[in-house]
Amino acid sequence: MDSLTGITMKIKILLTVVFAGGVLLLSTSVMAQTKAKAASRQPASGIALAKAPEVKAEEEKIQLDVAELPHPIKQLLGGEYKDWSLAQSYLVKGEPAYYGIGLVRNDDKVFLKLDAAGKRIEDKKQD
């Protein structure tokens, strides 16, 4: 009877160790996946994008490609901002509607708020 109890205890200990090891591996895997997801949210270029101002709840923000921007805005970007890279562009439908343009050059970042005619509504230089 004692040998059966001893074997049963060894099996219980073995199962406990195996279970604990599995939990450790699972938690390590979950942590690695969480870190990978957080890293995938960073831009591939490694450049932190200029942070756009908050959009009010009643405004609708629509992401745009350069080709979708109005011609006067494209002219402004090709002229005064020709040495800058476009980081983000979108249309905010609200009162008033405006185009949000995020630009980067080296370590400098700027966010422009423009109307459809390319007139500045507000400029923000960002650190």
Lys12 being modelled with pLDDT under 60 and among the basic types (Lys, Arg): no
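Filter segment 81-124 down to residues that are among the small types (Gly, Ala, Ser) and surrounded by 15 or more Cβ atoms within 10 Å (Cβ to Cβ) and give me whichever is farthest from the chain's Cα centre (by Cα). Steps first, answer last, please.
Taking segment 81-124 and keeping what is among the small types (Gly, Ala, Ser), we get 85, 87, 89, 94, 97, 100, 102, 116-118.
Now restrict to residues that are surrounded by 15 or more Cβ atoms within 10 Å (Cβ to Cβ): 87, 89, 100, 102, 118.
Values: Ala87: 12, Ser89: 15, Gly100: 17, Gly102: 14, Gly118: 27 Å.
Residue satisfying both the conditions and the ranking: Gly118.
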Among residues of segment 64-96, those that are of a type in the set (Gly, Ala, Ser) and touching a Leu at 6+ places or on another chain (Cβ under 8 Å), counted: 3
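Considering only segment 61-95, state which residues are among the basic types (Lys, Arg) and assigned to a loop (DSSP other than H, G, I, E, B). Don't jump to the end; show me each part of the working.
Within segment 61-95, the first condition is being among the basic types (Lys, Arg), and the residues that meet it are 61, 74, 82, 93.
Passing the criteria: only Lys82.
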Candidate set: segment 96-127, residues that are at negative phi and outside any strand (DSSP E or B); chosen: the one modelled with the lowest pLDDT: Asp127
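The values are calculated or read from the model by the stated rules, or taken from the named source; none is laboratory data. The shown structure was predicted, so the numbers you read here are calculated from the model rather than taken from an experiment. Reconstructed Cβ throughout: ideal geometry from the backbone, glycine too, with neighbour counts over all protein chains shown.
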